[in-house]
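Asks: Quick one: this structure, given as structure tokens, is what I'll be asking you about.
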Amino acid sequence: MKVLLTNDDGITAPGLAALANAISKIADTAIVAPATEMSAVGHAITLSDPLKVTEAKKNGKFFGHSVSGTPADCVKIAYWALMKDQSKPDLLISGINLGSNTGINTIYSGTVSAATEGAILGIPSFAISLTTFVNPDFSAAAQFAAKFCDVFLSYALPRGVYLNINVPAVPYDQIKGIQITQQGMAAYEEQYHVREDPYNRKYYWLTGEKKNVEADLNIDDAAVNNNYISITPVHYNLTYFDILEDMRSYNFNDKIGW
């Protein structure tokens, strides 16, 4: 089994190192990740600038390829260029992200977007995140990812569907199990802190807090808050099918005058 690993926290992120250590024990791994942190860049890709790819080393040994681009760039360049003359990956894993990618965060997440790109390319893909920013221990998430690979590949997802996985920040033996969830819709209460640089120029720093988080265990946030691993199936087709036929019957052409 050949597994492509990437992330949005960058090639030197400890979450990626933990994931690589776990997956390399069960599979042939290829690592292609951003040179610097690319959190919350969504599915951005680089068109107006060239991408620089360098070999990254860890403890004096080759670790993977570092790319001066986004997570989606990393998946694209891995598939179409770096692995061009090799067998294509059987699986793509993006992570382990520092911090949750639940609810609205899913839209902004570079971690999830890397898995999106994998799904677009026809690679079975999942994103995995650890739901904390404080004293992270990636060992439980890495252990789960390694155990999950064969199970994931044995379940035939429809083409274009991929998984967004969030792991609670507790020891492995305290995880209660898996909940298959849907994306939560709790909104953020956001604000910009206004500060000044040494030249008295204003700059703004975004902060926010998620409010009114759902309590239903079928929702991603609630699941991880109760020490379950949340697994949400995701698709990149953004069409809202529930009102498609209603909009067609509304006859916008007549109302506009065509």
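Asks: Considering only residues that are part of a strand (DSSP E or B) and over 21 Å from the mean Cα position of the chain (by Cα), which ones fall in the range 178-205? I'd like the intermediate steps shown before the answer.
Replies: Initial filter on the range 178-205 (part of a strand (DSSP E or B)): 178-180, 182, 188-196, 202-205.
E189, E190, Q191, Y192, H193, V194, R195, E196, K202, Y203, Y204, W205 - these are the residues of the range 178-205 that are part of a strand (DSSP E or B) and over 21 Å from the mean Cα position of the chain (by Cα).
Asks: Suppose we filter T54, T29 for residues that are farther than 17 Å from A146 by Cβ, free of Cβ contacts under 8 Å to residues at least 60 places away in the same chain and polar (S, T, N, Q); which single one remains?
Replies: Details: T29 fails: farther than 17 Å from A146 by Cβ.
Step by step, each of T54, T29 is checked, and only T54 is farther than 17 Å from A146 by Cβ, free of Cβ contacts under 8 Å to residues at least 60 places away in the same chain and polar (S, T, N, Q).
Asks: Give V167, V134, V161 a once-over and let me know the one that is farther than 25 Å from Y236 by Cβ and either among the β-branched types (V, I, T) or in contact (Cβ under 8 Å) with a residue 12 or more places away in the chain (or both). Reasoning before the result, please.
Replies: Working: V167 fails: farther than 25 Å from Y236 by Cβ; V161 fails: farther than 25 Å from Y236 by Cβ.
Just a single option satisfies the conditions, and that option is V134.
Asks: Test L163 against the stated conditions and say whether it is hydrophobic (A, V, I, L, M, F, W, C), under 28 Å from A18 (Cα atoms) and not in a loop (DSSP other than H, G, I, E, B).
Replies: On the way: hydrophobic (A, V, I, L, M, F, W, C): yes; under 28 Å from A18 (Cα atoms): yes; not in a loop (DSSP other than H, G, I, E, B): yes.
Yes: the conditions hold for L163.
Asks: Okay, moving on. Tally up the residues in the range 30-50 that are touching a strand residue (DSSP E or B) at 6+ places or on another chain (Cβ under 6 Å) and assigned to a loop (DSSP other than H, G, I, E, B), please.
Replies: 1
Asks: Go through the range 102-135 and count every residue that is under 13 Å from V41 (Cα atoms) and outside any helix (DSSP H, G or I).
Replies: 1
Asks: Hey, another quick one. Just need a number here: residues in the range 216-246 that are surrounded by 13 or more Cβ atoms within 10 Å (Cβ to Cβ) and not in a loop (DSSP other than H, G, I, E, B).
Replies: Taking the range 216-246 and keeping what is surrounded by 13 or more Cβ atoms within 10 Å (Cβ to Cβ), we get 217-236.
After this cut, where a residue has to be not in a loop (DSSP other than H, G, I, E, B) as well, the list is 219-225, 228-235.
The total comes to 15.
Asks: Output the residue which, of all residues in the range 73-101 that are without any contact (Cβ under 8 Å) to a residue 40 or more places away in the chain and assigned to a helix (DSSP H, G or I), is nearest to D220 (Cα to Cα).
Replies: By that ranking, first place goes to D73.
Asks: Can you pull out every residue in the range 136-174 that is touching a Gly at 6+ places or on another chain (Cβ under 8 Å), closer than 18 Å to G122 by Cβ and surrounded by 19 or more Cβ atoms within 10 Å (Cβ to Cβ)?
Replies: Y162, the sole residue that qualifies.
Asks: Next question. Report the residue count in the range 106-115 for those that are out of contact with any Leu (no Cβ under 7 Å at 6 or more places or on another chain) and surrounded by 24 or more Cβ atoms within 10 Å (Cβ to Cβ).
Replies: Residues meeting the conditions: 6.
Asks: Then there's this: Being of a type in the set (A, V, I, L, M) and within 17 Å of D9 (Cα to Cα) is the filter here, so list the residues in the range 44-77 that pass it. Please lay out each step first, then the result.
Replies: Going residue by residue through the range 44-77, those that are of a type in the set (A, V, I, L, M) are 44-45, 47, 51, 53, 56, 67, 72, 75, 77.
Result: A44, I45, V53, A56, V67, A72, V75.
Asks: Also: From the list T181, T207, which one is modelled with pLDDT of 95 or more and of a type in the set (S, T, Y)? First the steps, then the outcome.
Replies: Working: T207 fails: modelled with pLDDT of 95 or more.
Answer to the check: T181.
Table: residues versus (1) over 19 Å from G99 (Cβ atoms); (2) not hydroxyl-bearing (S, T, Y).
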site: N7; (1), (2): no, yes
site: T12; (1), (2): no, no
site: N21; (1), (2): yes, yes
site: T29; (1), (2): yes, no
site: V32; (1), (2): yes, yes
site: V41; (1), (2): no, yes
site: A44; (1), (2): no, yes
site: P50; (1), (2): yes, yes
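Asks: Kindly indicate the residue of the range 18-39 that is surrounded by fewer than 17 Cβ atoms within 10 Å (Cβ to Cβ) and not acidic (D, E) and also nearest to the chain's Cα centre (by Cα) among those meeting that condition.
Replies: To start, the set of residues in the range 18-39 that are surrounded by fewer than 17 Cβ atoms within 10 Å (Cβ to Cβ) comprises 21, 24-26, 28, 36-37.
Restricting the remaining residues to those that are not acidic (D, E) gives 21, 24-26, 36.
Working: N21: 19, S24: 20, K25: 22, I26: 22, T36: 16 Å.
Filtering the range 18-39 for residues that are surrounded by fewer than 17 Cβ atoms within 10 Å (Cβ to Cβ) and not acidic (D, E), the one nearest to the chain's Cα centre (by Cα) comes out as T36.
Asks: Let me ask something additional. Whether any residue in the range 6-15 is more than 21 Å from the chain's Cα centre (by Cα), β-branched (V, I, T) and part of a strand (DSSP E or B) is what I want to check. Even if it seems obvious, please write down each step before you answer.
Replies: Of the range 6-15, the ones more than 21 Å from the chain's Cα centre (by Cα) are none.
Scanning the range 6-15, I find no residue that is more than 21 Å from the chain's Cα centre (by Cα), β-branched (V, I, T) and part of a strand (DSSP E or B), so the answer is no.
The values are calculated or read from the model by the stated rules, or taken from the named source; none is laboratory data. What you are looking at is a predicted structure, and each value in this text was computed from that prediction instead of being measured. Note that each Cβ is placed from the backbone with ideal geometry, even for glycine, and that neighbours are counted across all protein chains shown.
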